[in-house]
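Presented below is the structure to which this report refers.
Quick note: the coordinates plus some simple rules give every number you see, no bench work behind them. These numbers were taken from a predicted model, which means no experiment stands behind them. Positions of Cβ are generated from backbone atoms using ideal geometry, with glycine treated the same way; all protein chains shown enter the neighbour counts.
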Amino acid sequence: MSNPLLAARSLVKAHGSTPALRGASVDLRAGEILAVTGASGSGKSTLLHCLAGIVRPDTGTVEYAGERLDRLPEKRLSELRRTDFGVVFQFGQLIPELTAVDNVALPLLLAGTPRTAAREQAGEWLERFGVRGQEALRPGEMSGGQAQRVSLARALVTGPKVVFADEPTGALDSLAGEQAMTALIHTARESGTAVLLITHDAQVAAYADREVSLRDGVVTAEWAAGAPAEGAAGTAAEPSAEATR
Ligand SMILES: Nc1ncnc2c1ncn2[C@@H]1O[C@H](COP(=O)(O)OP(=O)(O)OP(=O)(O)O)[C@@H](O)[C@H]1O
Ligand SMILES: [Mg+2]
């Protein structure tokens, strides 16, 4: 099996006095789609933020393509976040002053793409996610589902190596959610992008190659694609070394 593209070991992170991660370890391979599940408050978003180099763990290591993210200077981290990572935040976090098309074009502009080309590409991504025609809306004028689709387009527009998506379909009904997931998975498969996908939804997790489950800040179970059965929580078909360590 190839080396992981991203490897986190024994991550510990507290928010003030609240522990969020208590020794979580997880791997993501190039091109792999990994679902992360777990109850509310189990540490999923915190794990994503540590893996994406947005938050530094208190202890533990995060290695990305041979670099130790947990030790990198902020300048190199923000460069990596621009070039290699795309993030869909749980609460959207689009820039309120910018329209849909300009939110999506922004990462391209930051990477030096001329404005006209950036807006054109942004429009194509909005189309893929079914929000063509809403280019001129600002986040305050969008529904939750529209904002999520714009966030997905923004995360993918630069062709990142890894997309981190935190409940990207949480505000969508099942049909719209399925369409957005299909667009995300199709794009990722086509371009070999790895995806770390946080979800509460078993149907969404079913799109992944593998699923890990968090409980109280540690990975407690891991399944290969298609392995988990309904009602089989805690009876991992293939418990990994990590999960049982
Ligand atoms: N900024 C913060 N300040 C204080 N506590 C926080 C903060 N962010 C998270 N926490 C706490 O850390 C723990 C883990 O939070 P996290 O957001 O990682 O969970 P989660 O699994 O993503 O939950 P959800 O499914 O509800 O999004 C929780 O107890 C939460 O209350
Ligand atoms: Mg969360």
Residue of ALA165, ALA111, ALA52 that the Gaussian network model of the chain assigns the largest fluctuation, springs spanning Cα pairs under 10 Å:
ALA111
9 Å beta-carbon shell around LEU126, net charge (K/R +1, D/E -1)
0
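Can you tell me how segment 166-214 classifies by the Cα gyration tensor, rounded, prolate or oblate, using a/c under 1.5 as the rounded cut?
On the way: a/c = 1.94, a/b = 1.09, b/c = 1.78.
Oblate.
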With contacts defined as alpha carbon pairs under 8 Å and 6 or more residues apart, what's the relative contact order of the chain in percent?
26
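By the gyration tensor of its Cα atoms, with a ≥ b ≥ c the square roots of the eigenvalues, what is the shape of segment 1-98: rounded for a/c under 1.5, prolate for a/b over b/c, or oblate? If you can, show how the numbers build up before the last one.
Numbers: a/c = 1.27, a/b = 1.02, b/c = 1.24.
Rounded.
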Kindly write out, for segment 108-123 in residue order, the coupling ³J(HN,Hα) from the Karplus curve 6.51 cos²θ - 1.76 cosθ + 1.60 (θ = phi - 60°), rounded to whole Hz, with x marking Gly and Pro.
6, 4, 5, 8, x, 6, x, 4, 4, 5, 4, 5, 5, 4, 4, x
Under 5 Å, built H, 5+ apart or other chain: amide partners of LEU5:
LEU28, ARG29, ALA30
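Once the Cα gyration tensor of segment 102-145 is diagonalised, what are the square roots of 5 times its eigenvalues, in whole Å and ordered largest first, as equivalent ellipsoid semi-axes?
Working: eigenvalues 75, 26, 13 Å².
After diagonalising the Cα gyration tensor, the semi-axes are 19, 11, 8 Å.
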Calculate one ³J(HN,Hα) per residue across segment 181-187 by plugging θ = phi - 60° into the Karplus curve 6.51 cos²θ - 1.76 cosθ + 1.60, and present them in order as whole Hz with x for glycine and proline.
5, 4, 5, 5, 5, 4, 4
Taking amide H positions as placed 1.01 Å from N in the peptide plane, with prolines and chain starts having none, which residues 5 or more places from ALA20, or on another chain, fall under 5 Å of its amide H?
LYS13, ALA14, HIS15
What percentages, rounded to whole numbers, describe P(r) for the chain computed over all alpha carbon pairs with 5 Å bin width beginning at zero?
1, 7, 14, 18, 20, 17, 13, 7, 3, 1, 0
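Quick check: residue separation of ALA14 and ALA224 times 0.36 nm, minus the Cα distance between them. What number comes out in nm? Working shown, then result.
Working: separation 210, 0.36 × 210 = 75.60 nm, distance 2.96 nm.
Stretched out fully, the ALA14 to ALA224 stretch lengthens by 72.6 nm.
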Among the DSSP beta bridges whose two residues both lie in segment 6-244, what percent are antiparallel, rounded to the nearest 5?
55
Can you grab the distance from the C-alpha centre of segment 14-50 to the C-alpha centre of segment 54-68, Å, no decimals?
13
Of the convex hull enclosing the alpha-carbon atoms of segment 127-203, the direction-averaged projected area in nm² is 5.0
